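Quick notes on the structure that follows.
The values are calculated or read from the model by the stated rules, or taken from the named source; none is laboratory data. The model shown is predicted, which means the values in this text are computed figures rather than measured ones. Backbone-built Cβ (ideal geometry, glycine too); neighbour counts: all protein chains shown. Protein only, heavy atoms only, side chains kept; ligands, DNA and RNA dropped before computing areas. Shrake-Rupley method; radii C 1.70, N 1.55, O 1.52, S 1.80 Å.
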Amino acid sequence: MNFPQKFLSLFFLSVLTASAAEPSGQWVPPATDGTSWKHQPTQLSFPTFLGDYRFAGHFDYKDGGVLLRYENPQEQGRMDVFLFKSEVPLPTTEDKHRRILAEMSTVSRDMESMVKQGRYKNLTIGDPIGGELELWQKQSLPIATSIITATRIGTTEAGTEEAVVRQWLGITILDDYLITLRHMRPASTGDAGEEAMKRLIGLIFQVIKDPSLRVHIRQLVEDYMADPFSAKGGEAAGAVLAYLKQTPYFPINIPEDPIASWMEHCKTVAPGTEDHLLRAFMLGSAKAAFADGDARTCFKEGARQFAVIYRKLVAEHPQITRPEMEVFVTRAEKGEGDLWLKERGLLK
């Protein structure tokens with residue numbers, strides 16, 4: 001069964017809060033410039049997209065805490081991320097485990113309460129499964145997960161509607177912040193929905209793991225910048241590029257036109273130079289991204305680093321030069337690489 005849109009709204013409103021009453025607070029839409037939403041206390045950064053899921057905005061609770069929401073209308077799926085400061089410090093792993101299990105019990109009681117209210121029926125709550133989220137050079141985070149299946153009962157213009165929904169629940173603790181993850185979808189999506197859920201969960205886990213790894217990656221960017229042509233610089237760049245490939249957080253984009261044709265030219269006349277130039281663009285952009293630069297700033301700084309490496313390469317390989325590249329590099333050195341592309345309708 002497919003959910004009517006109004007029924008979807010009724011379903012997801014019910015998981016916005018544990019109680020029947022609407023929560024007190026304010027809904028805030030996503031940033032118009034596509035920048036990530038950042039939770040300052042934990043340094044977690046939530047991008048505009050997690051795979052095929054779009055960030056729909058966040059809800060600031062009046063009494064503290066926040067709800068972040070991702071949606072995928074095509075898959076009729078939604079991911080809610082709740083971040084609440086723990087009422088008391090949780091210094092030991094045992095403290096964290098107890099708090100997580102207590103929250104699991106709270107969710108179970110809330111779902112059972114909604115069954116009594118007539119909002120759900122046929123409720124099945126799976127036993128919690130414990131695990132760990134490994135962090136870079138930090139203690140792993142304890143996490144517990146569970147699967148909840150129930151039939152949602154809602155009222156639409158057509159009358160009473162019922163649909164079986166499946167919910168993945170994950171709870172962990174980072175820096176004394178309780179993080180509750182709730183992914184919801186129609187049970188009718190079957191195996192395809194299950195695989196889509198796993199992909200999304202993998203991406204949200206990356207978000208949680210990222211702050212500990214980011215410190216290391218920032219240092220690698222600096223290692224590259226210090227000596228881009230050295231073995232150490234090359235190894236650092238390779239690690240950063242691998243990180244960027246798996247990380248959807250940064251607004252880094254290199255327009256295919258005209259960059260691709262330039263790189264093909266360089267590869268033809270001086271093989272290997274194209275790798276240095278692309279690396280420069282990406283690492284320059286990454287440095288700006290780590291400083292919370294937007295897409296335009298990332299491109300501008302990527303172009304600037306591209307110009308630095310181009311000047312050094314062209315001294316040894318003058319055959320790579322092209323009039324158009326020379327003009328671009330001259331503008332990029334002035335911090336105007338983005339304007340040069342915009343003037344030609346190649347950059348929005």
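Observations on the model:
- Residue that is most open to solvent (accessible area, probe 1.4 Å), among those in the range 21-48 that are charged (D, E, K, R) and in contact (Cβ under 8 Å) with a residue 60 or more places away in the chain: D33
- Among the residues making up the range 53-78, those that are in a loop (DSSP other than H, G, I, E, B) and either in contact with a Phe, Trp or Tyr (Cβ under 6 Å, 6 or more places away or on another chain) or surrounded by 15 or more Cβ atoms within 10 Å (Cβ to Cβ) (or both) are G65, E75, Q76.
- Those residues of the range 179-224 which are hydroxyl-bearing (S, T, Y) and closer than 26 Å to E132 by Cα, in sequence order: T180, S212
- Where strands (runs of 3 or more DSSP E) fall wholly inside the range 129-226, the ranges with 3 or more residues that are touching a residue at least 40 places away in the same chain (Cβ under 8 Å) and buried (at least 20 other Cβ atoms within 10 Å of the Cβ) are 138-156, 159-174, 177-186.
- Flag for T247 being over 25 Å from P211 (Cα atoms) and not acidic (D, E): no
- Within the range 60-75, the set of residues being touching a residue at least 60 places away in the same chain (Cβ under 8 Å) and more than 18 Å from the chain's Cα centre (by Cα) comprises just one member, E75.
- Matching residues in the range 114-128 - criterion: being open to solvent by 10 Å² or more (accessible area, probe 1.4 Å) and in contact (Cβ under 8 Å) with a residue 12 or more places away in the chain: V115, Q117, G118, R119, K121, N122, L123, T124, I125, G126, D127, P128
- Search result, residues across the range 227-250 that are open to solvent by 40 Å² or more (accessible area, probe 1.4 Å) and within 11 Å of A286 (Cα to Cα): L241
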